[in-house]
1. What residue, among those in segment 151-161 that are assigned to a loop (DSSP other than H, G, I, E, B) and surrounded by fewer than 13 Cβ atoms within 10 Å (Cβ to Cβ), is modelled with the lowest pLDDT?
2. Considering each residue of segment 127-136, count those that are charged (D, E, K, R) and either assigned to a loop (DSSP other than H, G, I, E, B) or in contact with a helix residue (DSSP H, G or I) (Cβ under 8 Å, 6 or more places away or on another chain) (or both), and give that number.
3. Check every one of the strands (runs of 3 or more DSSP E) wholly within segment 10-126 and list those with 2 or more residues that are over 20 Å from Glu159 (Cα atoms) and hydroxyl-bearing (Ser, Thr, Tyr).
4. Would it be correct to say that Thr55 is crowded, with 20+ Cβ neighbours inside 10 Å, touching a residue at least 60 places away in the same chain (Cβ under 8 Å) and closer than 20 Å to Arg76 by Cβ?
5. Tell me, which residue of segment 3-23 that is surrounded by fewer than 19 Cβ atoms within 10 Å (Cβ to Cβ) and hydroxyl-bearing (Ser, Thr, Tyr) is nearest to Asp105 (Cα to Cα)?
6. Quick check: is even one residue across segment 110-122 acidic (Asp, Glu) and under 17 Å from the mean Cα position of the chain (by Cα)?
Amino acid sequence: MATSKTLTINDDSGFLAIANSDNYKSFVGENWEYHQLIKHFIDQMNNNNLIIWATGLENKWTINFSDRQSNNKSFREFSKGIRVTNGQLSLTNYEDLTMAAQFEDAKIPAYHNKDLFVQVENGSYNIIVRQLFDSSKSEISDSADFEVVIQKVNTANSEQIDKVFWLTE
């Protein structure tokens, strides 16, 4: 990724995600339950097809994608590997993920979010997600809310995770 790109997405449930829509297996079942869905998300993250995190609030979010970290101070951050196989990473939300989980013919990205993607070469990447505001204070920044740093690597991080990032239950 040679330049930065800023995207805006509505979030009515407090979760955002980045997906390799080419490899992401979306369908869980017509009558999935919450714990099944979370396990599915974790499995897809461990297969380097998805990165999902809890935002702490519901909002309309601005996310800046770049190949370099800014000098902005982050409230919290994490990193996770992902593979790209179709030249892009899609930005999505919980609402789209749950529709795709329930209906076999629904895919990511959802039609209304089809333009929310960044173009990157196929390969393995380390993704750093940086939250630039303190969600406990309900303070939303005037600029980007999240920063996503996309760094190409030789092999995607195979570290296994056991929960959705920043999800407290």
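The values are calculated or read from the model by the stated rules, or taken from the named source; none is laboratory data. Predicted model, so just to flag it, every value in this text is computed and none were measured. Every residue, glycine as well, gets a Cβ built from its backbone with ideal geometry; the counts of neighbours run over all protein chains shown.
1. Initially, segment 151-161 is screened for residues assigned to a loop (DSSP other than H, G, I, E, B), giving 154-161.
Checking the rest, the ones that are also surrounded by fewer than 13 Cβ atoms within 10 Å (Cβ to Cβ) come to 154-155, 158-160.
Details: Asn154: 90, Thr155: 82, Ser158: 73, Glu159: 82, Gln160: 92.
The residue in question is Ser158.
2. The initial filter retains those residues of segment 127-136 that are charged (D, E, K, R), namely 130, 134.
Next, only the ones that are either assigned to a loop (DSSP other than H, G, I, E, B) or in contact with a helix residue (DSSP H, G or I) (Cβ under 8 Å, 6 or more places away or on another chain) (or both) stay: 134.
Residues that pass the stated criteria total 1.
3. Filter on segment 10-126 gives 59-66, 88-93.
4. Spelling it out, Thr55 is indeed crowded, with 20+ Cβ neighbours inside 10 Å, touching a residue at least 60 places away in the same chain (Cβ under 8 Å) and closer than 20 Å to Arg76 by Cβ.
5. Ranking the qualifying residues of segment 3-23, first place goes to Ser13.
6. Taking segment 110-122 first, the residues acidic (Asp, Glu) are 115, 121.
Next, only the ones that are under 17 Å from the mean Cα position of the chain (by Cα) stay: 115.
Yes; the residues of segment 110-122 include at least one that is acidic (Asp, Glu) and under 17 Å from the mean Cα position of the chain (by Cα).
A quick yes/no check of all residues on (1) surrounded by fewer than 19 Cβ atoms within 10 Å (Cβ to Cβ); (2) touching a residue at least 60 places away in the same chain (Cβ under 8 Å):
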position	(1), (2)
Glu77	yes, no
Lys80	no, yes
Gly87	yes, no
Glu104	yes, yes
Ala110	yes, no
Arg130	no, yes
Val149	no, yes
Lys163	yes, yes
Thr168	yes, yes
